[in-house]
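Computed from the coordinates by the stated procedures, all read-outs in this text should not be read as laboratory data. Since the structure is predicted, the reported quantities are computational estimates derived from the model, not experimental observations. Ideal geometry is used to build each Cβ from the backbone, glycine not excepted, and the neighbour counts take in all protein chains shown.
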Amino acid sequence: MQKATIQLEALVCPSCMQKIENAVKALDGVNKDSVKVLFNSSKVKLEFDAERLSIENIENAISSLGYVVKKSQVKS
Amino acid sequence: MQRFILSKKNQIALISSILIMTGFISKLIFKNEVIFSWAMIAASVIGIVPIAIQAYQALKVKVISIDLLVTIAVGGAFIIRNLEESAVVTFLFLFGAFLEQRTLNKTRSAIKELTEMAPESALKQMENGEFEEVDVDEVDVGDVLLVKTGSKVPVDGTVLTGEGYVNEATITGESVPVRKNVNSTVYAGTILENGTLKIIADKVGEDTTFGKIIELVEEAQDSKSETERFIDRFSRYYTPAVLLLSFIVWLFSRNIGLAITILVLGCPGALVIGVPVSSVAGIGNGARYGVLLKGSEVIQDFSKTDTIVFDKTGTLTIGNPKVADTKFYTDNTDEVLNCLASIESESGHPLAKAIVEYIGETTLYTVENTDVVKCGGIVATVNKLRVAVGNAALMEKENVHIGDTVRADIEHFEKKGNSLVLVSIDGDLKALIGIRDQIRPGVKEEISKLKRMGVRNLIVLSGDNQGTVDLVANELGLTEAHGNMLPEDKADYIKKLQKEGRVVAFVGDGVNDSPSLALANIGIAMGGGTDVAIETSDVVLMNSDFSRLSHALGLSKAIANNMLQNIIIAVGVVLILLASVFFSSWMNMSIAMLAHEASILAVILNGMRLLRYSVTG
């Protein structure tokens, strides 16, 4: 499992959180219990299995919802 | 394409407003219904596009969002040819989102200021010995870095060469420059005001003290209390429920107008956003004043605190004992002082240090045959004289005669809260020295502020003897004082208070009090930016500044209140709207949308007040 912190552009609408959370949880290889969308700091924190998907897959899932990914950090 | 439209939401709102104005002008002034209708249709169509896209994206990930409610409502209004309302509703929704964005950024500004203080680049020594500017992420532990005047220290490190003055306000909250030279520790995020330092990196990135503070504040602003988790769950089912309700209403009444009005007014925006804005603004305010509050759970508990337990040494007092009273029983004080300084300068005991500091520079004699008497003091031969330095028990052992005057002096010194050091030379008592820890300046005012804020029990627990502790308690106006307590006794005492149903906050220096800090409902560390203090406690007072305590408590109370107000605003608005849709005739979709957006702005503006909070009186 790897830990990722994804910094998004400032989140403003409350329903964004739920959308992003569902979109990320739906990905295969993401630890569902670890997904945390932080509204105020506009960050997504999660754990994922690097053998089953890459950080780019996760970034794409978020940006296809219309949210801009500023940068992401992966730690094992 | 979708992303392009979403990024142009603000411009769309602007065009929509122009169209709506054109429409109303042509209708009211020129009585032209055709232009009015077309303007409204155009405004509705361009306005609904971004909203519909968001609704669709949410549906794809199985979320029924507010956007969906609004899209259906606008569609319904179109069907019943209520063009005016569909245009106004889409405009208000977009314009509201714009305002929310602006105001939310404002509430988050305090924390953003903090994170922006993080260093970004460093001058790193490369293999060829030259210093090159690199991104701070590329610095590893052990790298040698150059810090120039006016720049930020990029990592936590140790000074190799050079000296200078560093402003450590980001870490300690104190903006007086601190002098640094070889082997001093420097912290990331602090600013070198003058001089040049070459440092070696000890900790980098998130491991630095500054990195930890930022991470902590970021986590704190998004941490959720029990109430918030409940609201989250509630709002998750709330939106679909509103959709269902309006469908049922339509099914029975066949009144599309009524059904779509319910859709719009049921939007839960203010409810979801109300509590997070309070916490981000409040925690941001704390960060500015050197108070770290670790999240909303902490805020809720702290605001209900009725009992504060203090550690004495280092918390209420400076933790640095000083010679306060002296009495000599000889005319040759210089000789006594010289002997005393000679012996004490060889000891590391806190009382010995205080004495050495008090005497200052003097002639030192050679000390021979030093004998450290456990729980007593020191006996040694100095300048061929037998000198004993220690407590009354040691004097007795040395057969030193203590007369009535001396006994009275001892009693007098003890009453003042002194620890006693007696000095005898060749069996005659020569001096009596009283040493005590000083109370921190401003503590007394702070204690009375806390009392005014409704803290009923202020208790000091200490390892010192009961007399000393009582004295401190009396001077400060504390309600209870208990001495002779070991760390585990303190923890037990806190447990006992909690059993009595009190909400207990413990204030300590975070080093030897960790059990109590962890056990209390709220652990407050007076940490000068130490790791242990930051990690084990719930509230950190940077720079060990006691005067931040009342700010921390007052702020917690203000945040807790603010959250409650926001919940009341949010729930109240929805209830009033729901009631009026059924029981009054003036309610329509536009008014519902206006009220909805206004309530969101109201909670954000209300939260923003916390940015300006400061303790009065």
Checklist entry - Whole-Hz Karplus ³J(HN,Hα) for region B:420-430, in order, using 6.51 cos²θ - 1.76 cosθ + 1.60 and θ = phi - 60°, x for Gly and Pro? => result 9, 10, 9, 10, 10, 10, 6, x, 10, 6, 10
Checklist outcome for this item: In order over region B:481-493: 3J(HN,Hα) from phi, Karplus 6.51/-1.76/1.60, θ = phi - 60°, whole Hz, x for each Gly or Pro, gives 9, 10, x, 6, 10, 7, x, 6, 5, 4, 4, 4, 5
Next on the checklist: Per-residue Cβ counts within 10 Å, from other chains only, averaged over B:57-64: what number is that?
Outcome noted: 6
Item to check | Over chain B, relative contact order from alpha-carbon pairs under 8 Å, at least 6 apart, % | outcome: 15
Item to check | DSSP loop GluC sites (Glu not before Pro) with at most 11 other Cβ within 10 Å excluded, longest remaining stretch of chain B | outcome: B:131-360
Checklist entry - Using modelled backbone amide H atoms (1.01 Å from N, in-plane), which distant-in-sequence or interchain residues come within less than 5 Å of B:ARG440's amide H? => result B:THR317, B:ILE318
Item to check | Extension gain, B:GLU206 back to B:GLU357 (0.36 nm per residue minus Cα-Cα distance, nm) | outcome: 50.4 nm
Item to check | 3J(HN,Hα) from dihedral phi, region B:579-591, Karplus parametrisation 6.51/-1.76/1.60, rounded to Hz, x for glycine, proline | outcome: 5, 6, 5, 8, 10, 9, 9, 7, 6, 9, 4, 5, 5
Next on the checklist: For B:THR326, what residues show an amide H to amide H distance below 5 Å, using hydrogens built from the backbone and excluding near sequence neighbours?
Outcome noted: B:GLY434
Checklist entry - What is the distance in Å between the Cα centres of region A:1-67 and region B:194-246? => result 14
Checklist entry - Across the residues of A:39-48, average count of Cβ atoms on other protein chains within 10 Å? => result 5
Checklist entry - Which residue, chosen from B:ALA324, A:LEU27, B:LEU292, occupies the Cα position most advanced towards the positive end of the dipole of the protein assembly as shown, where the dipole is computed from +1 (Lys, Arg) and -1 (Asp, Glu) charges on Cβ about the Cα centre? => result A:LEU27
Checklist entry - Helix-derived [θ] at 222 nm for the protein assembly as shown: sum -39500 (n - 2.57) over DSSP H runs of at least 4, divide by residue count, nearest 500? => result -16000 deg cm²/dmol
Checklist entry - For region B:322-436, what is the convex hull volume of the alpha-carbon atoms per residue, in Å³? => result 93
Next on the checklist: Please compute the length gained on full extension between B:ARG102 and B:MET453, using 0.36 nm multiplied by the number of residues separating them and subtracting their Cα-Cα distance.
Outcome noted: 122.9 nm
Checklist entry - Between B:VAL176 and B:SER7, what is the spin-label point distance in nm, taking each point 7 Å from the Cα along the Cα→C-beta axis? => result 5.2
Next on the checklist: If Rh is defined by the Kirkwood formula over all Cα pairs and Rg also comes from Cα, what ratio Rg/Rh do you get for the protein assembly as shown?
Outcome noted: 1.12
Checklist outcome for this item: In cubic angstrom per residue, the convex hull of chain A built on its Cα atoms measures 73
Checklist entry - Quick one: Debye curve from the C-alpha atoms of region B:121-203, no solvent, what's log10 I(q)/I(0) at q = 0.13, 0.19, 0.20 Å⁻¹? => result -0.33, -0.71, -0.79
Checklist outcome for this item: The distance between the Cα centres of region B:312-328 and region B:416-441, in whole Å, is 11
Item to check | region B:425-506: proportion of alpha-carbon pairs further apart than 19 angstrom, % | outcome: 50
Checklist entry - Between A:ASN31 and B:ASP371, what FRET efficiency follows from the Cβ-Cβ distance if R0 is 56 Å, with the result rounded to 0.05? => result 0.30
Checklist entry - Relative to the compact globular guide of 2.2 N^0.38 Å, what is the alpha carbon radius of gyration of chain B, as a ratio? => result 1.35
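Just counting partner chain Cβ atoms within 10 Å, what average do the residues of peptide B:276-283 show around their Cβ?
Across B:276-283, the average partner-chain Cβ count within 10 Å equals 2.
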Checklist entry - Amide H neighbours of B:VAL460 under 5 Å, counting only residues 5+ apart in sequence or on other chains, H built in-plane at 1.01 Å? => result B:PHE310, B:GLU480, B:ALA481, B:HIS482
Checklist outcome for this item: Distance in nm between B:ARG233 and B:ALA518 label points, each 7 Å along Cα→Cβ, equals 2.9
Checklist entry - Against the longest alpha carbon principal axis of chain B, how many degrees, from 0 to 90 and to the nearest 10, is the axis of helix B:443-452 turned? => result 40
